Amino acid sequence: MNENAYPTPYFLIDEKQLAADFSMLEEALRTSWPNYRIGYSFKTNSLPWLVTFFRARNVMAEVVSDDEYALASRLGFQDCGIVYNGPVKKRDSFQRVLLAGGIVNLDGRRELDWLEEISGANADRRLEVGVRVNFDLERLCPGQTTMGEAGGRFGFSYENGAFAAAVERIGRLPNVRIAGLHLHSSSKTRSVAVFEAIAGMACRLKREFGLTLSYVDLGGGYCGGLPGRPQYPDYFPAVAKVLSAEFDPAETALVVEPGISLLSKATVYVTSVVDVRDIGRERYLITDGSRFHIDPTMIKHSYLFHLELGEGARGRLARQCVSGFSCMEVDRLFEYEDGPELREGDRIVYENVGGYTMSLSPLFIQYFPDVYIRREGKLLKVREHWTPEEYMAGSYLYGEEKGKR
Ligand SMILES: *Cc1c(COP(=O)(O)O)cnc(C)c1O
């Protein structure tokens, strides 16, 4: 079937590009810091096909909730293949991953309480944990962090002494060792300098607290596939240079948790114009795609896209408002300025849409769309468009309420 014959909207992942980007990551790590682990960030896109693609390449599952942990288990990750992060872990999965020798990065006080209990109940076992560090990255990289001077809320604060207190408290447990530091910080710029600053912080903490670390976890937040922006071969040599002041790959692994940078370049979202209408001074293009599918948090101001136009000559228009399928006025994707006049059947293909889309979009008005991969020129389906069957899974109807009797 010709690619233009597949019903829109759908996501399409180019498998070859995905594999190439993954290889670029591995190669950049191997040549910069040969002792490394990759934890794929589930929250960025937990499409089961994608997750199993990465599992087949030996990555760990980086999860930040009990549900993500359960999904990782369901998709074949063992507990020792989990990187467990975030402030809302559950006690049971925390214990499982900890005892199995997965990576557990402590995020807050209640996890120190759990650790004390678990270490006491397993006095014959040696346990290793990581600690998530909250530090003032904004001071080191002014204007670059997501939260700016307000700072982030994750992990133990270095500046207010919570990190030192956590190190001290863990140090009192005879069978527990701080094996790693987790320094994920989100930045607006995703610049190499941000990662150098993060690596520098790891060095500083190692010195200041006399830590012997099995791993330094830089977290995620890399750029990938965007022209003029850094790529993996820019980040890791720079990071390795900073880390080598205090660390040696023979003893300390570099853990990375990429998400969006692995997916962006390989993924597009294909939509069609279904209606064209003029109202007032505006030309509206009604499309079968939605901003909810590719910008569910409504933060994007522009999109990368290309057009696939039907036959026939056409004029140009100064402005066309590209809008989505939902019945909300905010579901307008962009004003297309000074472009060819679009008609019913023309396709708008959005690029770089792999992260924070397929699994984050709401089940609003239309359910999850089809997802295909392209392999050797053919499209293969990896997720069916959801129907009311999937939507209603786990629901009880009026008159059939659970616990009624
Ligand atoms: C979100 C997140 C990631 C992945 O971020 P990307 O921007 O998708 O690379 C990795 N680690 C942690 C702890 C995260 O919260």
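The values are calculated or read from the model by the stated rules, or taken from the named source; none is laboratory data. The shown structure was predicted, so the numbers you read here are calculated from the model rather than taken from an experiment. Don't worry about glycine lacking a Cβ; one is built from the backbone with ideal geometry, like all the others, and counts go over all protein chains shown. In case anyone asks, the SASA skips ligands and DNA or RNA and just uses the protein heavy atoms, side chains included. Shrake-Rupley method; radii C 1.70, N 1.55, O 1.52, S 1.80 Å.
Our helix-only sum for the chain, with -39,500 (n - 2.57) per DSSP H run of n ≥ 4 divided by its residues, gives a mean residue ellipticity at 222 nm of -8000 deg cm²/dmol.
Stokes-Einstein diffusion coefficient for the chain at 4 °C in a medium of 1.567 mPa s, Rh from the Kirkwood formula over Cα pairs: what value in µm²/s?
56
Shown here is the pair-distance distribution of region 33-258: with all Cα-Cα distances grouped in 5 Å bins from zero up to the longest one, the shares run 1, 7, 15, 19, 20, 18, 12, 6, 1, 0, 0 percent. Note: relative contact order over region 258-405, using C-alpha pairs below 8 Å and six or more positions apart, is 27 percent.
What is the local net charge at Arg139, summed over the other residues whose Cβ is closer than 14 Å to its Cβ (Lys, Arg +1; Asp, Glu -1)? Intermediate results must be reported in sequence, preceding the final value.
Working: positive: Arg204; negative: Asp136, Glu138, Glu149, Glu159.
Around Arg139, the charge tally is -3.
Between Ile299 and Arg109, the modelled labels are 2.9 nm apart [label points 7 Å from Cα along Cα→Cβ]. Who wins for biggest fluctuation among Glu149, Glu282, Glu251 in a Gaussian network model of the chain, springs between alpha carbons below 10 Å? Between Glu149, Glu282, Glu251, it is Glu282 that shows the largest mean-square fluctuation.
Hey, what did region 33-258 get for relative contact order, percent, Cα under 8 Å, at least 6 apart?
Details: 402 pairs, mean separation 45.6, N = 226.
Reported relative contact order: 20 percent.
For the chain, the share of DSSP beta bridges that are antiparallel, to the nearest 5, is 45%.
Remind me, what semi-axes does region 313-378 give for its equivalent ellipsoid, largest first in whole Å, using sqrt of 5 times each Cα gyration tensor eigenvalue? Working shown, then result.
Working: eigenvalues 127, 72, 24 Å².
Here the semi-axes work out to 25, 19, 11 Å.
For region 19-37, the residues whose amide N sits under 16 Å from a probe point set 7 Å from the Cα of Leu75 along the beta carbon direction are 19, 22.
The distance from the alpha carbon centre of region 272-290 to that of region 335-405 is 20 Å, rounded to a whole number. Extending 7 Å from the Cα toward the beta-carbon at both Arg375 and Glu3 defines two label points whose distance is 1.7 nm. The GNM of the chain, with springs linking C-alpha atoms under 10 angstrom apart, assigns the highest mean-square fluctuation among Val131, Val330, Val167 to Val330.
Sort Met298, Met1, Met147, Met392 by accessible area with a 1.4 Å probe, largest first. Could you put the intermediate results ahead of the total?
On the way: Met298 65, Met1 155, Met147 115, Met392 90 Å².
Accessible-area ranking of Met298, Met1, Met147, Met392, largest first: Met1, Met147, Met392, Met298.
Of Arg190, Arg332, Arg319, which has the largest mean-square fluctuation in a 10 Å C-alpha GNM of the chain? Checking each option, the largest mean-square fluctuation is seen for Arg319.
Selection among Val59, His293, Gly200 by position relative to the dipole of the chain gives Gly200 as farthest towards the positive end (Cβ unit charges, Cα centre). In the assembled protein chains, Ile82 presents an accessible area of approximately 0 Å² (probe radius 1.4 Å). Each DSSP beta bridge with both residues in region 33-258 is either parallel or antiparallel, and the antiparallel ones are about 5%. Taken one residue at a time, the phi angles of region 77-82 give Karplus couplings (6.51, -1.76, 1.60, θ = phi - 60°) of 7, 7, 4, 6, x, 9 Hz. Gly and Pro are set to x.
If R₀ is 41 angstrom, what is the calculated FRET efficiency for the pair Arg229 and Glu389, using the beta carbon separation as r and rounding to 0.05? Don't skip to the end; give the middle numbers.
On the way: r = 41 Å, r/R0 = 1.00.
My answer for the efficiency is 0.50.
Multiplying each eigenvalue of the alpha-carbon gyration tensor of region 10-81 by 5 and taking the square root yields semi-axes of 21, 17, 9 Å, largest first, rounded to whole angstroms.
Here the dipole of the chain is about 600 debye; that uses its Cα centre as origin and unit charges on the Cβ of Lys and Arg (positive) and Asp and Glu (negative). Rolling a 1.4 Å probe over the protein heavy atoms gives the chain an accessible area of 48 Å² per residue.
The length gained on full extension between Lys402 and Asn160, counted as 0.36 nm times the residue separation minus their Cα-Cα distance, comes to 82.3 nm.
Considering only Leu50, Gly108, Cys223, and ranking their Cα positions along the charge dipole of region 33-258 that arises from unit charges at the beta-carbon of Lys, Arg, Asp and Glu, the one farthest toward the positive end is Leu50.
If the segment from Ala318 to Ile279 were pulled out straight at 0.36 nm per residue, it would be longer than the present Cα-Cα gap by 12.5 nm.
Structural size metrics of region 292-405, computed from C-alpha coordinates, are Rg and Dmax of 18.6, 68 Å. Here the Kirkwood formula, the inverse mean of 1/r across different C-alpha pairs, assigns region 246-347 a hydrodynamic radius of 16.1 Å. The relative contact order of the chain, computed from alpha carbon pairs under 8 Å that lie at least 6 residues apart in sequence, is 19 percent. Largest first, the residues Tyr396, Tyr391, Tyr222 sort by 1.4 Å accessible area into Tyr396, Tyr391, Tyr222.
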